[in-house]
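This report concerns only the one structure given below.
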Amino acid sequence: QVHLVESGGGLVQAGGSLRLSCAASGSIFNINEMGWYRQAPGNPRELVARIVSDGNTGYAESVKGRFTIAGDFAKNTMYLQMSSLKPEDTAVYYCAAEGRLSRDYAPFESWGQGTQVTVSS
C-alpha cells in the first residue's frame, strides 16, 4: 500500500559525491520518520541516517560529516547527499519510512528495493 522508490545510485571514484533520492507513494496519511540503510555483501543491514518529521536527524559515526540527510515530509520524499565517498561506502542503499495509512490510520513501515552505490579506489 506504500511504495518507496530509490534513485541516484551508481559508480563513483573515491572522494566523489552522489545524491540519493527516495519517493514514497500510496495511501499515506503521514510519514513520521524516514531513514537510509545500507548493506554490503556479507554484512548486516545498517542504519546510515535518519530524519524525523520534526527535523531531528541522526547519523552513523562512519558517515558523520560526509553525508547529509534531508526530507520533505509534505511531499513524502527524502534525500541523502553523500560526499567524500570511500570504497567502504560501497553497498546497496535502502530507504525506509514509517507513518500512518490514510485509509484507517493504521501504522505502516515500508522499504524500498534498494539502489547500488559503488565507490572505486
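The values are calculated or read from the model by the stated rules, or taken from the named source; none is laboratory data. This is a predicted model, so every value here is computed, not measured. So basically every Cβ, Gly included, is an ideal-geometry build from the backbone, and we count neighbours across all protein chains shown. Only protein heavy atoms, including side chains, enter the accessible area calculation; ligands, DNA and RNA are left aside. Shrake-Rupley method; radii C 1.70, N 1.55, O 1.52, S 1.80 Å.
Listed here are the residues, each with its yes/no results for (1) closer than 19 Å to Leu85 by Cα; (2) open to solvent by less than 50 Å² (accessible area, probe 1.4 Å); (3) free of Cβ contacts under 8 Å to residues at least 24 places away in the same chain; (4) out of contact with any Lys or Arg (no Cβ under 6 Å at 6 or more places or on another chain).
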{"position": "Ser21", "(1), (2), (3), (4)": "yes, yes, no, yes"}
{"position": "Arg45", "(1), (2), (3), (4)": "yes, no, no, yes"}
{"position": "Ile51", "(1), (2), (3), (4)": "no, yes, no, yes"}
{"position": "Gly55", "(1), (2), (3), (4)": "no, yes, yes, yes"}
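Of all residues in the range 66-82, those that are part of a strand (DSSP E or B) and out of contact with any helix residue (DSSP H, G or I) (no Cβ under 8 Å at 6 or more places or on another chain) total 11. What about Leu85, is it surrounded by 15 or more Cβ atoms within 10 Å (Cβ to Cβ), at pLDDT 95 or above and part of a loop (DSSP other than H, G, I, E, B)? The answer is yes for Leu85. Residues in the range 68-79: is at least one among the hydrophobic types (A, V, I, L, M, F, W, C) and over 15 Å from Glu6 (Cβ atoms)? Among the residues of the range 68-79, at least one is among the hydrophobic types (A, V, I, L, M, F, W, C) and over 15 Å from Glu6 (Cβ atoms), which makes the answer yes.
Checking the structure you have, find out if any residue of the range 49-64 is aliphatic (A, V, I, L, M), over 22 Å from Tyr105 (Cα atoms) and assigned to a strand (DSSP E or B). The answer is yes, given that some residue of the range 49-64 is aliphatic (A, V, I, L, M), over 22 Å from Tyr105 (Cα atoms) and assigned to a strand (DSSP E or B).
Do we have any residue at all in the range 31-39 that's open to solvent by 30 Å² or more (accessible area, probe 1.4 Å) and either over 18 Å from Gly112 (Cβ atoms) or in a loop (DSSP other than H, G, I, E, B) (or both)? Explain how you work it out, then say what you get.
Residues of the range 31-39 that are open to solvent by 30 Å² or more (accessible area, probe 1.4 Å), as a first pass: 32-33, 37, 39.
From what's left, either over 18 Å from Gly112 (Cβ atoms) or in a loop (DSSP other than H, G, I, E, B) (or both): none.
The answer is no; no qualifying residue exists.
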